[in-house]
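Input: a single structure, listed below in structure tokens.
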Amino acid sequence: MKLTLPHLLMATGLLLGATTAHAALPDEATLYKNPQCGCCDGYARHLERLGVEVTIVDDRDLGEIKQSAGVPYGLGACHTVMMGDYVIEGHVPLAAVEALFERQPDTDGIGLAGMPSGTPGMPGPQREPYEVYQFRDHQETPFMTL
């Protein structure tokens, strides 16, 4: 295949786009989880692939962490991530995490309740839209649907 200037420019643009999409993410995160939960480790590996160094803490009271982070009652999940100035609750798709850091809304964090199939760290296909919420002081509002 012969490379022409338009091909090179398009390839360069794609490469730059791929690197800038992750540029807004913090370098470090702390993931709090139950020691027996393997899907949480899977979520950490997804963040690490984006260049985030993840510290896993698996011996803390998750209820206390969620309460102090402002996670709304009943919308918790199996792990809580502290990342930059935000909280990421559960298996939030990485597109929503990236959108959070690109937009930087005035919120405590974002979350996805439960352990939906097909999300980072969870096996299986996506079965329904992921309704990601944002929250502040234990009150949630919609953030995005993926």
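What the table below lists for this structure:
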{"quantity": "Residue count for region 45-55, restricted to those that are farther than 27 Å from ASP137 by Cβ and touching a Leu at 6+ places or on another chain (Cβ under 8 Å)", "calculated": "3"}
{"quantity": "Subset tally (residues that are closer than 18 Å to GLY118 by Cβ and either among the basic types (Lys, Arg) or part of a helix (DSSP H, G or I) (or both)) for region 33-55", "calculated": "11"}
{"quantity": "Subset of region 120-146 (residues that are touching a residue at least 40 places away in the same chain (Cβ under 8 Å) and either within 13 Å of the chain's Cα centre (by Cα) or surrounded by 16 or more Cβ atoms within 10 Å (Cβ to Cβ) (or both))", "calculated": "PRO120, GLY121, MET122, VAL132, TYR133, PHE135, GLU140, PHE143, MET144, LEU146"}
{"quantity": "Region 20-30, subset touching a Leu at 6+ places or on another chain (Cβ under 8 Å) and modelled with pLDDT of 90 or more, residue surrounded by the most Cβ atoms within 10 Å (Cβ to Cβ)", "calculated": "ALA29"}
{"quantity": "Exclusive hit being surrounded by fewer than 16 Cβ atoms within 10 Å (Cβ to Cβ), farther than 25 Å from PRO142 by Cβ and not β-branched (Val, Ile, Thr), set GLY42, GLY74, GLY63", "calculated": "GLY42"}
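The values are calculated or read from the model by the stated rules, or taken from the named source; none is laboratory data. If you're wondering where the values come from, they're calculated on a predicted model, not measured in any experiment. Note: ideal-geometry Cβ built from the backbone for every residue, glycine included; neighbour counts use all protein chains shown.
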